[in-house]
């Protein structure tokens, strides 16, 4: 007898939908087929699409941003995630300089994450390394982490990693088979003029700053054979140049992530009365760059949200860039808006591809033996409203989409069932060390 039977849904099987029933026992998928067997609970998914649980590779819950923390902690951020069909999130450890600090940041973050309603994992995060990098990598691997985030900018807050260490990390990534995740902006091209306002954000952190740094690190990855993952690509110019100059490496050892905001908005929204609500880094770009990003969507490996949510008041009280908390929420509506724009092509970029890159061997696909993680989608029209987390706005509010996350299941348990939220104890997901 199954614990749960999801019947008559259109099930995403990796590259197509097929009408099928799914049997769940405990935390696992144990059956996919046409038959109906006795079950303790039956969910009628007629007319619904059943997707693998979505995986957000880029969130910042409870992140301290100089003056205030992001307002969605692990509890509220994961509640919002559940409403977005997201069953696994990957957050970031606080930046550390050496192996000892890395272990400390891991256990500190783990304590905060215990309130997470969905499953979770961490990226290691390095800054101005002052210890042995190989020891750092080996410590990371022992913790079950397979990715190191670095910044090529933010020298003013001592978060930058410089080229010599970046090259060494890329060489180590080939030796130990891990991924170097990079926030890519040319630090020397960032304008820190204290008189700049939020409307100047796109100029202060220019498209050229992203482009030049991206091409440089891609060159390093090609030279070293290292594994590079560029987070939150904001400009179609950047993506097009990488496609043209590194065609053999792209989606082999170079992977590009982008975020929903860069497909839906351009820099002109910064000029509006509420332009301060659209402040994040890297910033929005020109319309021509947005269109290029849309045009080359197929070449992206993944979609993350860079979820880092603040309230309207948090943003409103800063007219100058100096002190402005940079970041926006998005995890609740990331699938809604991206599926509206790109249809089925987005599904694997928010599930299977992330699981493959991060080595979550039992997530990202609906197949027998995998964890029973699902997002069940109705074709209901909806106008996006306020999120269910701990903030009072989303930049997607007011957008009409023709899909809705009806239910979200994590390891066989409903976290969202036909719109009703249920608290859940998410689990730490480690990479497949045996891969």
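Okay, residues lined up against (1) under 28 Å from residue 286 (Cβ atoms); (2) in contact (Cβ under 8 Å) with a residue 12 or more places away in the chain:
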| position | (1), (2) |
| --- | --- |
| 152 | yes, yes |
| 183 | yes, yes |
| 220 | yes, yes |
| 225 | no, yes |
| 233 | yes, yes |
| 249 | yes, yes |
| 252 | no, no |
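Quick check, is residue 62 part of a loop (DSSP other than H, G, I, E, B) and either in contact (Cβ under 8 Å) with a residue 40 or more places away in the chain or at positive phi (or both)? For residue 62, the condition - part of a loop (DSSP other than H, G, I, E, B) and either in contact (Cβ under 8 Å) with a residue 40 or more places away in the chain or at positive phi (or both) - is met.
Would you check if there is a residue in region 326-349 being in a loop (DSSP other than H, G, I, E, B) and surrounded by fewer than 21 Cβ atoms within 10 Å (Cβ to Cβ)? Looking for residues that are in a loop (DSSP other than H, G, I, E, B) and surrounded by fewer than 21 Cβ atoms within 10 Å (Cβ to Cβ), one finds at least one in region 326-349, hence yes.
Residues that are surrounded by fewer than 23 Cβ atoms within 10 Å (Cβ to Cβ) and touching a strand residue (DSSP E or B) at 6+ places or on another chain (Cβ under 9 Å) were ranked within region 101-111; the one that is farthest from residue 157 (Cα to Cα) is 110.
When the criteria are applied in full, residue 97 fails the requirement of being within 19 Å of the chain's Cα centre (by Cα), surrounded by fewer than 23 Cβ atoms within 10 Å (Cβ to Cβ), in contact (Cβ under 8 Å) with a residue 24 or more places away in the chain and over 22 Å from residue 359 (Cα atoms). Here residue 268 meets the list (1) modelled with pLDDT of 95 or more; (2) part of a loop (DSSP other than H, G, I, E, B); (3) out of contact with any strand residue (DSSP E or B) (no Cβ under 6 Å at 6 or more places or on another chain) almost entirely, failing just condition (2).
The single condition from (1) farther than 30 Å from residue 369 by Cα; (2) in a helix (DSSP H, G or I); (3) under 16 Å from the mean Cα position of the chain (by Cα) that residue 81 fails is (1). Taken as a whole, the condition of being modelled with pLDDT of 95 or more, assigned to a strand (DSSP E or B) and more than 19 Å from residue 326 (Cα to Cα) does not apply to residue 106. Residues in region 40-59 include none that are within 25 Å of residue 142 (Cα to Cα), at pLDDT below 95 and not in a strand (DSSP E or B). Being buried (at least 24 other Cβ atoms within 10 Å of the Cβ) and either part of a helix (DSSP H, G or I) or without any contact (Cβ under 8 Å) to a residue 40 or more places away in the chain (or both) is a description that applies to residue 354.
Yes or no: residue 75 in a helix (DSSP H, G or I), modelled with pLDDT of 95 or more, surrounded by 15 or more Cβ atoms within 10 Å (Cβ to Cβ) and touching a helix residue (DSSP H, G or I) at 6+ places or on another chain (Cβ under 8 Å)? So residue 75 fits the description; yes. Within region 278-300, restricting attention to residues that are part of a helix (DSSP H, G or I) and over 20 Å from the mean Cα position of the chain (by Cα), the residue that is surrounded by the most Cβ atoms within 10 Å (Cβ to Cβ) is 289.
Of the residues making up region 364-395, those that are in contact with a helix residue (DSSP H, G or I) (Cβ under 6 Å, 6 or more places away or on another chain) and either crowded, with 23+ Cβ neighbours inside 10 Å or part of a strand (DSSP E or B) (or both) are 364, 387, 389. Here are the criteria: (1) buried (at least 20 other Cβ atoms within 10 Å of the Cβ); (2) out of contact with any strand residue (DSSP E or B) (no Cβ under 6 Å at 6 or more places or on another chain); (3) at positive phi. Tell me which single one residue 398 does not satisfy. For residue 398, the failing item is (1). Check whether at least one residue in region 408-428 is under 19 Å from the mean Cα position of the chain (by Cα) and assigned to a loop (DSSP other than H, G, I, E, B), and report yes or no. Yes, some residue in region 408-428 is under 19 Å from the mean Cα position of the chain (by Cα) and assigned to a loop (DSSP other than H, G, I, E, B).
I'm trying to understand the selection: among the residues of region 301-325, which are more than 19 Å from residue 52 (Cα to Cα), within 13 Å of the chain's Cα centre (by Cα) and part of a loop (DSSP other than H, G, I, E, B)? Within region 301-325, 306, 308 meet the criteria.
I want to confirm something. Restricting to region 220-237 and keeping residues that are over 19 Å from the mean Cα position of the chain (by Cα) and in a helix (DSSP H, G or I), which single residue is surrounded by the fewest Cβ atoms within 10 Å (Cβ to Cβ)? Step by step, filter region 220-237, then rank; the result is 223.
The values are calculated or read from the model by the stated rules, or taken from the named source; none is laboratory data. Everything quoted here is computed from the prediction, not taken from an experiment. When we count neighbours, we look across all protein chains shown, and the Cβ atoms used for this are built from the backbone with ideal geometry, even at glycine.
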